[in-house]
Amino acid sequence: MIAQLPVVVLISGRGSNLQAIIEQQQRGDLPVDIRAVISSRPGAQGLDRARDAGLPAVIVDPGRFPARALFEKALMEEIDARAPALVVLAGFMLVLGSDFVRHYSGRLINVHPSLLPQFKGLHTHERALQAGVRYHGASVHFVTPDVDGGPVIIQAQVEVRADDNAQTLAVRVLKEEHRILPEAIRWFAQGRLGLEQGRALLDGRPCMHPEGSVP
Ligand code: GAR
């Protein structure tokens, strides 16, 4: 168990998941040292949340680099300068290349607004409604070069209501994200969670999913 797990959080926008991490950390419920918040978008609201919490807020804007590889190299340099044990994608809306992902193998996690492997990619709430699923939700998973396809750590399920639209559904899913993302980080900080041979293990046992994993 690491007393204070050094963490870097990557965002692109609103930063409500970042806020959930900050609040749990401030309450003493999450043993992390958030060494930096890095945004791919200069105007991201999450940057203000980071500054309000007294955290270093860094921008690495892909628009300022002539090639994607150079952007990812700069991003890696910013991250590695903080020596994090865990890198958290909390609403980071860019797909990262396989070199980047491999560099952080086993210490890079992402929160995604669906019950993976269902609805990878964007517009998950609209697609869940269109598909007429009874249950939707959120997942936290280890990131691998297979986009949104890495081993699931924890999921939370939300029942779809007859009168739901994408916004109402998103609100309930987001509430669950704010619970399961800090939970996964806590497990990692406690030394209970790891990626071994392509499997997410909690206390040495495979993280069960989908529905079975909801604690
Ligand atoms: C969250 O719903 C997160 O799951 C999603 O973006 C939102 C960010 O909200 N991420 C993805 O879709 C990643 N593919 P936030 O900025 O308020 O945390």
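The values are calculated or read from the model by the stated rules, or taken from the named source; none is laboratory data. Every value quoted in this text rests on a predicted model; they were computed, and no experiment measured them. Glycine also receives a Cβ, built like all others from the backbone with ideal geometry; neighbour counts cover every protein chain displayed. Heavy atoms of the whole protein, side chains included, go into the accessibility calculation; ligands, DNA and RNA do not. Shrake-Rupley method; radii C 1.70, N 1.55, O 1.52, S 1.80 Å.
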Of all residues in region 5-23, which are more than 14 Å from the ligand (Cβ to nearest atom) and touching a helix residue (DSSP H, G or I) at 6+ places or on another chain (Cβ under 8 Å)? Leu5, Val7, Val8
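Being in contact (Cβ under 8 Å) with a residue 60 or more places away in the chain and either in a strand (DSSP E or B) or open to solvent by 10 Å² or more (accessible area, probe 1.4 Å) (or both) is the filter here; which residues of region 180-195 pass it?
The initial filter retains those residues of region 180-195 that are in contact (Cβ under 8 Å) with a residue 60 or more places away in the chain, namely 180-182, 184-186, 188-191, 194-195.
Within region 180-195, Arg186, Phe188, Gln190, Gly191, Gly194, Leu195 qualify.
Can you pull out every residue in region 58-87 that is of a type in the set (Gly, Ala, Ser) and out of contact with any Leu (no Cβ under 6 Å at 6 or more places or on another chain)? Talk me through it step by step, then tell me what you get.
From region 58-87, those of a type in the set (Gly, Ala, Ser) are 63, 67, 69, 74, 81, 83, 85; that's our starting set.
Correct list: Gly63, Ala67, Ala69, Ala74, Ala81, Ala83.
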Being in contact with a strand residue (DSSP E or B) (Cβ under 8 Å, 6 or more places away or on another chain) and open to solvent by 10 Å² or more (accessible area, probe 1.4 Å), is that true of even one residue in region 64-75? no
For the condition away from the ligand (no atom under 15 Å from the Cβ), over 21 Å from Asp146 (Cα atoms) and out of contact with any Gly (no Cβ under 7 Å at 6 or more places or on another chain), what is the one hit in Arg102, Arg35? Arg35
Specify which of the listed residues (Ala166, Ala138, Ala156) is within 12 Å of the ligand (Cβ to nearest atom), touching a helix residue (DSSP H, G or I) at 6+ places or on another chain (Cβ under 6 Å), open to solvent by less than 70 Å² (accessible area, probe 1.4 Å) and over 22 Å from Asp29 (Cα atoms). Ala166
